[in-house]
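**Q** My structure is below; once you've seen it, I'll send some questions.
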Amino acid sequence: MGFASHLGPWLLGTKKYTTGTTAGTIQNMGATIVLQAGSYTTPSGVSTSAAYTGDTTRIAVLPAGAIIHAIIADVTTAFVGASLATTLTFSTGNATTGLSSNFASGSTLGTLSGTSTLSVGRTTITPNTTNIALFDNIGTTDLIVNLVFATAGNYTSGGSVNVQVVYAVCGPDNALYPTSFQN
């Protein structure tokens with residue numbers, strides 16, 4: 001099977017646009033959910049005698065107007081820090097300037113952290129009150145989703161994570177369905 005691309009929202013439903021209040025006769029179309037996947041593995045040869053902040057790894061680039069449904073992190077090999085916090089941070093950049101110059105709370109989509117170890121398993125990253133607006137509408141330009149691995153204490157051994165960013169493609173105006181004149 002080959003690949004196909006489609007620009008703009010892919011809508012499913014049986015009624016494109018109507019008015020009224022009776023189910024079955026009014027608009028019932030909605031945007032489909034899609035995903036982009038990426039992965040990160042800590043590099044070999046990193047000093048284990050100090051705290052460590054890894055390089056930024058691009059996980060996905062979401063189209064303008066997208067609504068983020070979930071960020072799912074599957075840790076397949078544990079991330080181990082000696083005693084202090086071990087963290088995966090999902091942060092944003094934009095297509096024009098690349099990585100944000102800082103990881104302020106407004107540019108952080110969420111974190112996965114443990115006291116010393118991020119164990120093998122699946123976690124869904126949850127938005128907080130500061131970043132929930134990014135989940136509801138990423139804005140009028142494409143959005144880069146980055147991952148940064150860090151340990152506050154000694155870095156003991158590396159880990160691996162597979163990430164899925166699940167989202168709905170919307171129009172750049174955040175519309176999920178056409179108006180009656182956009183036939």
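**Q** Ignoring ligands and nucleic acids, what accessible area does Ile68 show with a 1.4 Å probe (Å², nearest 10)?
**A** Ile68 has an accessible surface of roughly 10 Å² with all protein chains in place.
**Q** In the full protein assembly as shown, how much of Leu12 is accessible to a 1.4 Å probe, in Å² to the nearest 10?
**A** 100 Å²
The values are calculated or read from the model by the stated rules, or taken from the named source; none is laboratory data. On a predicted model such as this, the values are computed, not experimentally measured, just so you know. To get the accessible areas, we keep the full protein, side chains included, count just its heavy atoms, and leave off ligands, DNA and RNA. Shrake-Rupley method; radii C 1.70, N 1.55, O 1.52, S 1.80 Å.
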